Amino acid sequence: MRFAELKDSLVDPVAFVTTRLGFVPDLKQELLLRGRMHRVLLNCSRQWGKSTITAAKAVNRAYTVPDSLVVVLGPGARQSAEFVRKAAGFARRLGIRPL
């Protein structure tokens, strides 16, 4: 990866998840990734990619913002475990070994 591509992937969250995490978001997911909100409530259909896109956004934030705190809440253990599994997979793609 060239320096310019690496720099772009750290500035633009869509470039980051595409080039660094290997996930290609659709247009609505791109809006969520580029949004600058502090809290988000997603009301989407099943299989839209809520766990994947929130995991990608959380990993992007944790990786690109020093000393950042990322908090994600889920309604139950199954949903939370799915998010953690996806986030850990993305972290491994960055060469980070999750605890």
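Tell me yes or no: at least one residue of region 46-63 is over 23 Å from residue 93 (Cβ atoms) and either free of Cβ contacts under 8 Å to residues at least 60 places away in the same chain or not hydrophobic (A, V, I, L, M, F, W, C) (or both).
Our first condition is that a residue be over 23 Å from residue 93 (Cβ atoms); within region 46-63, this holds for 46.
With the extra rule that they be either free of Cβ contacts under 8 Å to residues at least 60 places away in the same chain or not hydrophobic (A, V, I, L, M, F, W, C) (or both), the set shrinks to 46.
Yes - at least one qualifying residue is present in region 46-63.
Give me the pairs: first residue in region 70-90 and within 10 Å of residue 56 (Cα to Cα), second residue hydrophobic (A, V, I, L, M, F, W, C) and modelled with pLDDT under 85, beta-carbon distance under 8 Å, and six or more apart or on different chains, which are they?
Filtered contacts from region 70-90: 83/72.
Is there a residue in region 59-66 that is under 23 Å from residue 14 (Cβ atoms) and assigned to a loop (DSSP other than H, G, I, E, B)?
To start, the set of residues in region 59-66 that are under 23 Å from residue 14 (Cβ atoms) comprises 59-66.
Those left that are additionally assigned to a loop (DSSP other than H, G, I, E, B): 65-66.
Looking through region 59-66, at least one residue is under 23 Å from residue 14 (Cβ atoms) and assigned to a loop (DSSP other than H, G, I, E, B).
Across region 19-50, what is the number of residues that are small (Gly, Ala, Ser) and within 18 Å of residue 72 (Cβ to Cβ)?
Qualifying residue count for the region: 2.
Hey, could you check region 39-58 for residues that are among the charged types (D, E, K, R) and either assigned to a helix (DSSP H, G or I) or within 10 Å of the chain's Cα centre (by Cα) (or both) and say which is nearest to residue 19 (Cα to Cα)?
The selected residue is 57.
Can you name the residue in region 77-99 that is of a type in the set (A, V, I, L, M, F, W, C) and in a helix (DSSP H, G or I) and is also surrounded by the fewest Cβ atoms within 10 Å (Cβ to Cβ) among such residues?
77
The values are calculated or read from the model by the stated rules, or taken from the named source; none is laboratory data. It should be emphasised that the depicted structure is a prediction, and the values quoted were computed from it without experimental measurement. With ideal geometry, Cβ positions are generated from the backbone for all residues, glycine too; neighbour counts draw on all protein chains shown.
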